[in-house]
Protein chains: 2
Amino acid sequence: MGKISLGKYLFERIHQQNVGTIFGVPGDYNLNLLDKVYEVDGLEWRGNCNELNAAYAVDGYSRVKGFGAFVTTFGVGELSAINGTAGSFSEHVASIHVVGIPAVSSQKNHLLLHHTLGNGDFTVFHKMASMVTHKSSVITEGSTAVAEIDLLIREAIIHSKPVYLAYPANLVEYEVDESLLDTPLDLSLPPNNADAEEEVLNGVIDLISKAKKPVILIDSCCARHNCTPEARQLIELTKFGFAVTPMAKGAKDIFEDHEGYAGVYVGDLSYPDVKEYVESADLILSLGAILSDFNTGSFSYSYATKNVVEFHSDYTKIKAARYPEVQMKPTLQKLLASSALKEALTNFTPVPVKRVPLPLETLGPDADLTQQWFWTKLSSFLQEGDVVISETGTSSFGIIQTDFPKDVLGISQVLWGSIGYSVGAAFGAVVAAEEIDPNKRVLLFVGDGSLQLTVQEISAMARNHKNPYLFVLNNDGYTIERLIHGETATYNDIQPWDHQKLLDTFKADNAETLRVSKVKEAADLFKDEKFAKNDKIRLIEVMLGKMDAPVNLVKQAERSANTNAEN
Amino acid sequence: MGKISLGKYLFERIHQQNVGTIFGVPGDYNLNLLDKVYEVDGLEWRGNCNELNAAYAVDGYSRVKGFGAFVTTFGVGELSAINGTAGSFSEHVASIHVVGIPAVSSQKNHLLLHHTLGNGDFTVFHKMASMVTHKSSVITEGSTAVAEIDLLIREAIIHSKPVYLAYPANLVEYEVDESLLDTPLDLSLPPNNADAEEEVLNGVIDLISKAKKPVILIDSCCARHNCTPEARQLIELTKFGFAVTPMAKGAKDIFEDHEGYAGVYVGDLSYPDVKEYVESADLILSLGAILSDFNTGSFSYSYATKNVVEFHSDYTKIKAARYPEVQMKPTLQKLLASSALKEALTNFTPVPVKRVPLPLETLGPDADLTQQWFWTKLSSFLQEGDVVISETGTSSFGIIQTDFPKDVLGISQVLWGSIGYSVGAAFGAVVAAEEIDPNKRVLLFVGDGSLQLTVQEISAMARNHKNPYLFVLNNDGYTIERLIHGETATYNDIQPWDHQKLLDTFKADNAETLRVSKVKEAADLFKDEKFAKNDKIRLIEVMLGKMDAPVNLVKQAERSANTNAEN
C-alpha cells in the first residue's frame, strides 16, 4: 500500500476542496511543512508580506472559490493573523489556518523557545484561536491526525467558518496511507429533522399562498452558506421581487439585471423606491440575514408586515416561531421541489419592480470628481464576471450606488469592518479569479487611509504577476471617521503618500499608474478599451474632497456617533 | 472642587508616568476618547499606520522611557495589535493598551454592531487580551474607573508587563475630582519577606566571601525591571567581572567600556575568551535571566560551578534553593547597603578581564560587503547615547559582535522574535529618544525580508519629522530561514523592492537615501561627519550576499533545525 507523509496528506486534502494556492508567511516552525506544498500537483505557495495580510488574502480567496488555506508560524505569526481570522468568523467565510508549532517533545519539556511567552505554556495561542474559529485542533500524534484534518476541513466548509490546525514540526514526515485520499470528504449537511422541516415547509407555503406582495430579501449568509443557487431558483419559480442587503450586494447567482431586482435595502438609508417596495411587502422571505448596524441603516428596518420568514444556516424562524437546526439549504431545496408551492403560486400575480436608474450627478467635464458622481458612473466600467472589492468606509457605502452587471461578485467586510482588509483580500481574490479565468477582472476600491494599513500586499500582487485594478481614493485621511467624530481633529489626518510611486517601489514589472481628478478624466478612462483589458497591474489614484462622501455614509455616520454617545 | 472628565484623567495619569506620546489608530469607538489626549499639556497623539505597528511602537518607546501607552478600537483594532502586546508580555515591557469599546448600553443590549463577531458576545476580545497581559480591566461604570485605572498603571510598571483597559465610548465625559491627580501613583514594590530576604543575603554573602573568581551575568529582566542601577553599583562595589546575554546587550547603565566587561555570553556560541571567563567562574551572580534558546546558544550554558545565585523580579534562587517572592531590586539594594558584603570583599582580588578586540575581517576597499565585516566595523560609527534597534535574524545576531560605546541602549526581541517588530519599535524609540534629547541618535538594522511586514511605519517617522538611521540589509529574502531550512526553497524568496524610492513614496520631506555595497563605501560613510549628525531621516541600503550571515547565526540555525526535527 502506498504511503505519503502526513504533511503532504494535509495539503492534498486542502487541494481537493478547489484550492489552488496556499497563502502565508514562512517561519522556522513551519518550513519543513511548507516543503510539502510543493509536492502537491496543481498547488502553489504564494507568500504574503505579513500574516494579517495572509488571513485577509485567504478570506478574499475563499469568497471567490469557497474555501482557502494559509500557513503561519507559532505565536508571533498566528497572533498577527488572528484579526483576519476573526473577520472570517464574523462574516462566515470558510478557511483553514495551519500553524507550524514546535516539536511535541519541545512542548512536553516546556522548553523556553523563541516565539513563546517565556512561561513554558504552549497552549495559550490555541485557546485564543478557539475563540474566533468554528473548530480548532492541535495535532499531538500522527495516528489521529488524519481524522482530525478531515473533520476540520469538513466543519469549515459545511459551517462556512474558519478553523485552526496546529501542526508540530516533528510530524511532517509521519507516514499515512495514500489511499485515504481516494475517499472524498463527506461535505453533506446533516439532514433536517423531518417533522420540524415539514412544519416549516407547510408554514412557509401557507404564507406564500396568502401573499399578494411577497419580497425575497437576500443577505450575506445566503451567499456564504452557498444557498444562492437555491435563492436564484426561488426567484425564478416564484417571480417574487427581491432585494439585497449591502453585505449581499454582488452575491453569486443574484443578478441585478433581473427584472425582479428592486435594489439594495438598507432600512431607511435605502433609495426611496427600494424602501417602499420592500417595506410595503405583505411577506418577507429573508435568506441568511445578518442584521448588523451598517447592514441595516442602524437597525432601521421597517416592514409593514409581521409575516417574516427568516432562513438561516442553522435555524428557521416563521413570524415568532423558531425552528432550531432547520437549515436553510435543505429547506429551500425541499421547498423548490414541493408541488404544494407550485399550487400555492397558481394565482399569484408578480408585482413589477419600478426601478428608477440611479441618478448620475450632473457635473461638467472640468468639474472636480465627487463621490456621488464616481460611484454611479463606475457602473459603466464594470463588466460581467468582475470581482469588486470595496474597503470599509466611503468605498463600502459608495459601492451601493453602483449598478453591477450580471455575475459581478462583490466583496466587502461590512460587519467586521477591519480597515485595510480590502488590500489583502484583493490579493486573494485576484489569485482566485485567475485560477477560474485569467480574463476575470478584479477591482479594488480603497481609501488612502485604509491603504496605509496593508499597502505591502500590492507587492505580493506584483510578485505573482497579477493584474488587478487598484483604485486608491485619495481624500487625505480617514474621512469616515471625520464624519462620525473629529472633523478637524489631527488624529484623522495621515501622512500624504506619493501613490504614483507605489508600483515602482514594489518593482511591479508590468504596471501602469494613473491619476484622475476631473470628471472628464474619469469618464474617458471608463470608456477606454485598452484600460478595460486586465493585462497589467494598474493603480488609479482618484482625487476626492476631504469631506466628500456618499450620501448614505453621511447619514450612517450621524447614527454611529449617536450610538457611541448613548449612556 | 475641580472636576475633569474621566477620559482626561486617564491620560493625565499616563502622562505622569514619563509618557509624552500616545500611539495608536483612531476608530469610531475611540474618537471622543482621543479628544482627551489633546487636553493634556505636554502629551502628543501620534497615529500609527496600523495597530500592530502601534503595539510595536509602544514597546520600543517603553524600552527607552520605561512605560508607554496606545489606543485602538474594539475588535478589529485590538486584535490586530495583540501580537505586539504578547511580545511585550513575553519580554517584560511595561505598557497600557487602551481600547475604545461600544457604549455600555449597546453591550448590555447585545447590539449587532460592526467590529463584533456577530454573536452578541462583547467579552471575547477582553478574554484574549487577559491571556497576554499582566492585568486587564473593562470599565463598566464611572464610579470605579479611577481605582481601576490607577491599579492597572501601577501593576504594569511594578511588574514591567503590559496591561489592558477597555474603555466604553459613553464614559469619556464622566466627571471625577481633579484633585485625585495630586496624589502620585504608589509605584513601590511590596517589601520582601524579612526572614527570607535575610536568609538570601546571608547565603549570597557567604558564597561571595568564598569566591575567588565570581562573575556577574546580566540578563534582560535586570534591565526590564529597572535593576541596572543596582547592577552597576554591584559591579563597582565588588570589582567582579561581568558579562551580558544577547537580550541584555545595551542594557541601561551597563557599559561595555568598563574594565570588568567580559563580553556577550551565549553559551558555547560565545567568543572563546568570553566563554572561558564565564564558565571558569566559581560563583555566578545571575541578574534577571531569561534562559531562552536564542539567548543561550540553544541551552548550551556550561558553568564549571554549581554556585549560582539567580536574582529574578519575583524570586531568588541560591544553588538549588528557591526563595519565592524575594524580589531582585530590594534584595540588591539591601545587599549593596550591607556591611557584611564589604567585609566579605576585603580580601578579594579582582580577576582581570582579558578582552581581545573583536576581529575585523580583512577585506580590500573594493571587496563586497560581508556581514562579518559590517557588524564589527559598525562599532566605529556608534556614539555615546545611541539607541540601536536590531531586527530578529541576521541583525540581532550580528549586533552581538558590535562594540557599544558607553550608554548605548540596545533594543531587540530575542525571545518573542516577531519579524517586522523592529520597524515599529524604531518609530517608538525615535519618538522617545527625541523626548529625552533631540541629539540622541536612533539606528535601526532590519533585513529586507522583515522590512516588508511593517514598512509603512517609516511613514509615521516621516510624518512626525523624526530622523532615524534606517539600515536596510538587503540580502534578497529570508536569510535566517534559509539557514534553518529551505536554502533554495522559493518560500524564502521575496519580491525585490526599490528601497531607494521608499522615503520619496512616503513623502519624507527631509530625507536622504543611500546604498552601500563595497567595503570602502561603508567605511567612508562611517567616517563621514555630516552623515553622523541625525539631522534628517536616512535610509541606507546595505547590499549583502544571499547566504552571508554572522557566524553565530549560522551555528544557531543548525541547532534550531535539529530541535524542530526532534521527535
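Consider the stretch A:6-30. How many of its residues are at positive phi and crowded, with 24+ Cβ neighbours inside 10 Å? Full working, then the answer.
Filtering the stretch A:6-30 down to residues at positive phi leaves A:18, A:24.
Restricting the remaining residues to those that are crowded, with 24+ Cβ neighbours inside 10 Å gives A:24.
The qualifying residues number 1.
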Long-range neighbours under 6 Å by Cβ, at least six apart or interchain, first residue of a type in the set (A, V, I, L, M) and assigned to a loop (DSSP other than H, G, I, E, B) within the stretch A:47-66, second at pLDDT 95 or above and surrounded by fewer than 24 Cβ atoms within 10 Å (Cβ to Cβ): none
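Can residue B:557 be described as touching a residue at least 24 places away in the same chain (Cβ under 8 Å), among the hydrophobic types (A, V, I, L, M, F, W, C) and either out of contact with any strand residue (DSSP E or B) (no Cβ under 6 Å at 6 or more places or on another chain) or within 30 Å of residue A:170 (Cβ to Cβ) (or both)?
Values: touching a residue at least 24 places away in the same chain (Cβ under 8 Å): yes; among the hydrophobic types (A, V, I, L, M, F, W, C): yes; either out of contact with any strand residue (DSSP E or B) (no Cβ under 6 Å at 6 or more places or on another chain) or within 30 Å of residue A:170 (Cβ to Cβ) (or both): yes.
Judged against the criteria, residue B:557 is a match.
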Criterion violated by residue B:290 - all others in (1) closer than 23 Å to residue B:224 by Cβ; (2) aliphatic (A, V, I, L, M); (3) in contact with a Lys or Arg (Cβ under 7 Å, 6 or more places away or on another chain) satisfied: (3)
Scan the strands (runs of 3 or more DSSP E) fully inside the stretch A:311-395 and keep the ones with 3 or more residues being crowded, with 22+ Cβ neighbours inside 10 Å and under 30 Å from the mean Cα position of the chain (by Cα). A:387-390
Just one of (1) among the basic types (Lys, Arg); (2) within 27 Å of residue A:466 (Cβ to Cβ); (3) in contact with a strand residue (DSSP E or B) (Cβ under 8 Å, 6 or more places away or on another chain) trips up residue B:466, so point out which. (2)
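What residue, among those in the stretch B:495-540 that are of a type in the set (Gly, Ala, Ser) and in a helix (DSSP H, G or I), is nearest to residue B:473 (Cα to Cα)?
Pass one, the stretch B:495-540, residues of a type in the set (Gly, Ala, Ser): B:508, B:511, B:517, B:522-523, B:532.
Filter once more, so that each one left must be in a helix (DSSP H, G or I): B:522-523.
On the way: B:522: 12, B:523: 16 Å.
Among those that are of a type in the set (Gly, Ala, Ser) and in a helix (DSSP H, G or I), it is B:522.
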Is it the case that some residue within the stretch A:501-517 is surrounded by 16 or more Cβ atoms within 10 Å (Cβ to Cβ) and hydroxyl-bearing (Ser, Thr, Tyr)? yes
Please enumerate the residues belonging to the stretch B:462-497 that are touching an Asp or Glu at 6+ places or on another chain (Cβ under 6 Å) and surrounded by fewer than 16 Cβ atoms within 10 Å (Cβ to Cβ). none
In the stretch B:15-36, how many residues are in a helix (DSSP H, G or I) and acidic (Asp, Glu)? 1
Within the stretch B:1-49, how many residues are of a type in the set (Gly, Ala, Ser) and within 24 Å of the chain's Cα centre (by Cα)? 3
Across the stretch A:99-126, what is the total count of residues that are more than 9 Å from chain B (Cβ to nearest Cβ), of a type in the set (Val, Ile, Thr) and not in a strand (DSSP E or B)? 1
Candidates B:218, B:208, filtered to the one that is more than 21 Å from residue B:355 (Cα to Cα), crowded, with 18+ Cβ neighbours inside 10 Å and of a type in the set (Val, Ile, Thr): B:208
Output the residues belonging to the stretch A:289-310 that are in a loop (DSSP other than H, G, I, E, B) and within 20 Å of the chain's Cα centre (by Cα). A:289, A:290, A:291, A:292, A:296, A:297
I'd like the full set of residues that are out of contact with any Leu (no Cβ under 7 Å at 6 or more places or on another chain) and either within 20 Å of residue A:431 (Cα to Cα) or away from chain B (no Cβ under 11 Å) (or both), limited to the stretch A:20-35. A:21, A:23, A:24, A:25, A:34
Using beta carbons and a limit of 6 Å, which pairs, at least six apart or on different chains, have the first residue in the stretch B:115-142 and without any contact (Cβ under 8 Å) to a residue 24 or more places away in the chain and the second one surrounded by 18 or more Cβ atoms within 10 Å (Cβ to Cβ) and part of a loop (DSSP other than H, G, I, E, B)? B:118/A:415; B:124/A:131
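Out of the stretch A:18-30, which residues are in contact with a helix residue (DSSP H, G or I) (Cβ under 6 Å, 6 or more places away or on another chain) and aliphatic (A, V, I, L, M)?
Initial filter on the stretch A:18-30 (in contact with a helix residue (DSSP H, G or I) (Cβ under 6 Å, 6 or more places away or on another chain)): A:18, A:20-29.
If the condition is that a residue be in contact with a helix residue (DSSP H, G or I) (Cβ under 6 Å, 6 or more places away or on another chain) and aliphatic (A, V, I, L, M), then A:22, A:25 are the ones that fit.
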Reported set for the stretch A:132-173 where residues are buried (at least 19 other Cβ atoms within 10 Å of the Cβ), in a loop (DSSP other than H, G, I, E, B) and not polar (S, T, N, Q) is A:132, A:134, A:139, A:161, A:172
Mind telling me which of the residues B:12, B:39 ends up being within 20 Å of residue B:435 (Cβ to Cβ) and in a helix (DSSP H, G or I)? B:12
Members of the stretch A:106-126 that are of a type outside the set (A, V, I, L, M, F, W, C), in contact with a Ser or Thr (Cβ under 9 Å, 6 or more places away or on another chain) and at negative phi: A:106, A:107, A:114, A:116, A:119, A:126
Applying the selection to the stretch B:297-310, what residues are closer than 17 Å to residue B:249 by Cβ and either charged (D, E, K, R) or at pLDDT below 90 (or both)? B:297
Pairs returned, first residue in the stretch B:427-454 that is farther than 26 Å from residue A:457 by Cβ, second residue that is among the hydroxyl-bearing types (Ser, Thr, Tyr) and assigned to a helix (DSSP H, G or I), beta-carbon separation under 9 angstrom, 6 or more apart or interchain, are B:429/B:61; B:431/B:61; B:432/B:61; B:432/B:62; B:435/B:61
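Does residue B:129 satisfy the criteria of being touching a Phe, Trp or Tyr at 6+ places or on another chain (Cβ under 6 Å), assigned to a helix (DSSP H, G or I) and within 29 Å of residue A:562 (Cα to Cα)?
Numbers: touching a Phe, Trp or Tyr at 6+ places or on another chain (Cβ under 6 Å): yes; assigned to a helix (DSSP H, G or I): yes; within 29 Å of residue A:562 (Cα to Cα): yes.
Considered against the rule, which asks whether it is touching a Phe, Trp or Tyr at 6+ places or on another chain (Cβ under 6 Å), assigned to a helix (DSSP H, G or I) and within 29 Å of residue A:562 (Cα to Cα), residue B:129 comes out as yes.
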Regarding residue A:87, is this residue in a helix (DSSP H, G or I), buried (at least 24 other Cβ atoms within 10 Å of the Cβ), facing another protein chain (nearest Cβ under 9 Å) and of a type outside the set (Val, Ile, Thr)? yes
Go through (1) at pLDDT 95 or above; (2) part of a helix (DSSP H, G or I) for residue B:96 and report which single condition fails. (2)
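The values are calculated or read from the model by the stated rules, or taken from the named source; none is laboratory data. Keep in mind the model is a prediction, meaning the values are calculated, not measured. As a convention, Cβ positions derive from the backbone with ideal geometry for all residues, glycine included, and neighbour counts pool all protein chains shown.
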